[in-house]
1. Once the piece of chain linking residue B:476 and residue B:291 is laid out straight, how much longer is it, given 0.36 nm per residue of separation minus the C-alpha distance between them?
2. Please determine, in degrees from 0 to 90 and to the nearest 10, the orientation of helix B:245-262 with respect to the longest principal axis defined by the Cα atoms of chain B, where the helix direction is its Cα long axis.
3. Calculate the FRET efficiency for residue B:23 and residue B:492 from the Cβ-Cβ distance with a Förster distance of 25 Å, rounded to the nearest 0.05.
4. Using a basic spin-label model with each label point 7 Å from the Cα along Cα→Cβ, how many nm lie between residue B:70 and residue B:147?
5. With the crude spin-label approximation of a point 7 Å out along Cα→Cβ, what separation in nm comes out for residue B:526 versus residue B:52?
6. Taking region B:280-410 as the region of interest, what is the percent of Cα-Cα pairs per 5 angstrom bin, listed from the shortest bin to the one with the maximum distance?
7. Pop the C-beta distance of residue A:168 and residue A:54 into the FRET formula with R0 = 22 Å and round what comes out to the nearest 0.05.
8. Per DSSP H run of at least 4 residues, take -39500 (n - 2.57); add these up for the protein assembly as shown, divide by its residues and hand me the 222 nm value, nearest 500 deg cm²/dmol.
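What follows is calculated from the coordinates using simple rules that are stated; it is not laboratory data. Not measured: the values here are computed from a predicted model. So basically every Cβ, Gly included, is an ideal-geometry build from the backbone, and we count neighbours across all protein chains shown.
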């Protein structure tokens, strides 16, 4: 146990360095801390502003797509509820009314009726068509990745994410792994109460930072096995598959800046449950500042000759730490 | 044809009209009832082994943090829980029921190919011994999910070839079982029993058998390609060598989706037998029920893409798979409506098989609703790979397939053993199962919608409450199944004598009820005439 833990600290050495530096620049202003704390404490409650799930339903989310999905989801749900009320209603009526113990006598002639059978074939088809049309509209919108303003290449590794910025963020490139406190607490018999850990399993060292009100396009791929990138509040999920580049876009509403969290959703091996996604949405101005800071920091690190995850060339080969972990 | 065949058996096989004694009776079994019994007992054992794995999974998920198993073992348990429940519990149970009931329902003396029948059963204990032994080899059992997606499944340790070989054996067994069902139904129906007069259970199995023959070789091909990728440096699924991991998903789900119906169609057949009996009224729209099963089977071949929406798919393909998936709701709806109409103006009584059939009707429909929601592509992006999916397929498999099997067992058990079982105990089993299956799986809808991914050993603290509820339901559901085993064992050992019709006062129809309880060793030595 202790050996394993030691190793995990060792391999996260470089990451650690970047995190301490990141603390000044990466972490959002105080109100986000309050919001994060709020979420952690209340757990189920959706605190004001952060449209996260209420604990038993999909979040409405903070993008146009997530709202459309939520609307579709609720529409289909209510259609199902309506059908259920009718069908279960008839069943329950039959169960109560036609009981042998109450002297009900079976009407053995009621065995076939072409008329009702046609009716209950046609009606479902009509309902389905009515449901399919709005769904198809949303699909068309989801697939339209044109005119994106910021592209980020997202690469899945066992078990971390890499974010490489293009367009306005060109040159920014870093890894995002499970936060250290969660990583200690999640060990078998760690003795640490997950409730005491800040955003247990949903916190990372370097969150992905994006500007609000901007159409962000993700290009997803993987360097080893299949992963999937999901942030429920954005209504955005897509698999990251080796040898493929999948596209995904979202545009967070202006004024909805904050921290949004998700997880890898495709079983990817031992630590599948431990490669969360954290997105820090900032105003376009704050985002610009963040990009400048990242670039300056990378330049400084390069000048010192130290290799930070931001500057290490990674394309084509798995990072050192991933190799160690998989052995 | 059937006439000649059965009279031939009656005359020349007299030395086989009694079972062998001791172990030989089972090892060399060629009798459809003995083989059916072995299938059912095997399935029950696997149900408890797969269930034990589920108990460990639910115990680990009882609260956040890792308390019992490390993530590797957890993934091994989820993977093997699925493989065992699908290939070891549900499918063999249906083959067992087919073995017992199809000859008796169509007026035949036995299955058409008895030695192949023996072989198809006896492969299974070896296949599952091999599969279970993978937990003890270096690198442990397969941990990449039952879907075996590469490249992850290729990271399996020394157990990888054992896993593939076990799957091959299960596939061979299933194909032989399916061939036997088709040959028996096509050749050995009693004179006068044309296909449309055939009972619904036999019908559902006939269609299922064709599905099995169509898709099991596809699975065998897919896993063989995994094997050669792993050991012979091929690159079917390896992008570095020009291969394509998504191609595996297509091939797998081309098998996988019909497989889902393989696990539910025979249950449809059972429900279509049980509901009319205890409604004292013939099945409503029997012919449209057969067409509905056939349509579902046909559609099952062209909807596999709905498992892969999030893996990236052309727009046209997304629309295609969405439309056809939604279309499945139509024949499925017809079935539910016809079952409801069967009860309408009936005279209902609530014996254990009827209770399970009714629970099936309600709870399978709930699984159907979540299936419809999952078909909506944009919403599927939010549901996909979360506990919402877990809740969906457990609703169609546990109160669907497994309650269907239990309804069938409680329906025909007195016929098989010649004894009535303990009704109070069976009803207790029903009520505990029906209540706790919902406590177990309903909260998983909430977990999925709230954002909990599936196949994770540990979770963020906001998912704690519903996981605790689900685990409590799981433990209670698991414990309740011990009653099932007790009822069966008691019934085999003795009990009030069952009459030929068994369900006196209700309306059991079908040839099986004309035979004594227990039936003669060769069900119909002289083929009955069907008018």
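1. Values: separation 185, 0.36 × 185 = 66.60 nm, distance 3.86 nm.
The residue B:476-residue B:291 span can extend by a further 62.7 nm.
2. Compared with the principal axis, the helix lies near 30 degrees.
3. In this case the efficiency is close to 0.90.
4. My value for the distance between the label points is 2.7 nm.
5. The two pseudo-label positions are separated by 5.0 nm.
6. Pair shares across the bins are 2, 10, 16, 20, 19, 13, 9, 6, 3, 1, 0.
7. Values: r = 34 Å, r/R0 = 1.56.
Step by step, r from the Cβ atoms, then E = 0.05.
8. Details: 27 runs with 476 residues, N = 858.
Theoretical 222 nm ellipticity from helices: -18500 deg cm²/dmol.
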